[in-house]
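Data block below; observations after.
The values are calculated or read from the model by the stated rules, or taken from the named source; none is laboratory data. What you see is a predicted model, and the numbers here were worked out from it, not measured in a lab. Here the Cβ positions follow ideal geometry from the backbone for every residue, glycine too, while neighbour counts run over all protein chains shown.
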Amino acid sequence: MAISHGIYAGNDYLPHRYHIWMTEKDRVTIIARRDGKLVRQAEICKTVVVEGLRVCPSERGRGVAGLIQRITDAMWLIMCPFYCSFFILSFQHTLLQYLLVSVFQAVLSLIGEAKSFNSFVLDLKAKLDSIEKTEQSTTTNSQLTVLKDDQQLNALLLDPDLSTRLQLPGGAIIQDWLPLKPVESNLEILKSTNLTWLADTSNDKPRFVSFYTPPYPIPFNGGSLRLNIDMYGEDLPLARKALITHLKQVTGEIHGTVLVHIYMNQTLWTGMQRFCEGDEGVKQFQDYWEQLFLERELS
């Protein structure tokens, strides 16, 4: 889609998600046209205020984005007058009209051809075995369990201590740039995205949770796949195990060029970057960057 041209370094999710959004009953689509051509698009649903704001290349820098933002703000105040603010995710530190309401998520980005990921996973497994022998880690015997049972997953997400224990950014689970508070009304949204969940089962109160979103196509390099892995918690040994497990789970689903973005607590980034470096087939895609959780007042 031309409206995604030249943004997010070819990583834009909109071309993939747009047709899915058109089937969601609770979503409102706002489209602006000039001379019959699409110049602006915004999506509103009942849980996320605004998602997927885009301006076509010919109209950027003309104030179109601000105009449509004001229209969506006014519309949201009419629909839900009891809300006075909304959340947004961004990687831009220059958004001064927003207030940073939580610490950021650090992001480690990797790139490689699908055929390189099998050997990459084997290398990571060998590194992990060596690290565990050397460090005699206390989490060597900790297990990450795939959560397949809905009741088990619901109990985990609705635990009132979850946000504090896992240091959720803004108190939200962020799934592929979609921030959702872990409340019952949002569980169906999370379930509908076909996530694969892992949780630390060493005790009744997991201190590490991770999931990945199924790989999907993006415009990068003429057509690639994007894999997002989200990690919550500060346990580096478990983060290493989770990465290996997730990559094993998707090796049969990927093809062509694959970009992997791993979102994590900032305390994990350096350790994970060192864990992943040195492979010839899968390399770091870009330097350290951050996912910001921001809040803006509606007026």
Counting only residues that are within 19 Å of the chain's Cα centre (by Cα) and in contact (Cβ under 8 Å) with a residue 40 or more places away in the chain, give me the strands (runs of 3 or more DSSP E) lying completely in the stretch 220-299 with at least 3 of them. 224-232, 257-264, 289-297
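Yes or no, residue by residue, for (1) over 22 Å from residue 113 (Cα atoms); (2) assigned by TED's automatic domain parsing to the domain that holds residue 120; (3) at pLDDT 95 or above:
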position	(1), (2), (3)
203	yes, yes, no
206	yes, yes, no
222	no, yes, no
243	no, yes, yes
246	no, yes, yes
254	no, yes, yes
262	no, yes, yes
284	no, yes, yes
288	no, yes, no
Boolean, residue 169 is within 14 Å of the chain's Cα centre (by Cα), not hydrophobic (A, V, I, L, M, F, W, C) and not assigned by TED's automatic domain parsing to the domain that holds residue 20: yes
Considering residues of the stretch 122-137 that are over 16 Å from residue 242 (Cα atoms) and loosely packed, with under 11 Cβ neighbours inside 10 Å only, the residue modelled with the lowest pLDDT: 136
Test for residue 97: is it at pLDDT below 95, assigned to a helix (DSSP H, G or I), more than 30 Å from residue 221 (Cβ to Cβ) and not acidic (Asp, Glu): no
Would you mind stating whether residue 179 is surrounded by fewer than 18 Cβ atoms within 10 Å (Cβ to Cβ), in a strand (DSSP E or B) and in contact with a Gly (Cβ under 9 Å, 6 or more places away or on another chain)? no
Long-range neighbours under 9 Å by Cβ, at least six apart or interchain, first residue within 16 Å of residue 198 (Cβ to Cβ) within the stretch 144-161, second part of a loop (DSSP other than H, G, I, E, B) and of a type in the set (Phe, Trp, Tyr): 144/208
Could you tell me whether the stretch 203-224 includes any residue that is under 15 Å from residue 110 (Cβ atoms), touching a Gly at 6+ places or on another chain (Cβ under 9 Å) and of a type in the set (Val, Ile, Thr)? yes
Enumeration of residues in the stretch 183-201 that are over 17 Å from residue 251 (Cβ atoms), touching a residue at least 24 places away in the same chain (Cβ under 8 Å) and in contact with a Leu (Cβ under 9 Å, 6 or more places away or on another chain): 183, 184, 186, 187, 189, 190, 191, 197, 199, 200, 201
Consider residue 214 against the criteria (1) in a strand (DSSP E or B); (2) touching a strand residue (DSSP E or B) at 6+ places or on another chain (Cβ under 7 Å): it satisfies all of them except one. Which criterion is unmet? (2)
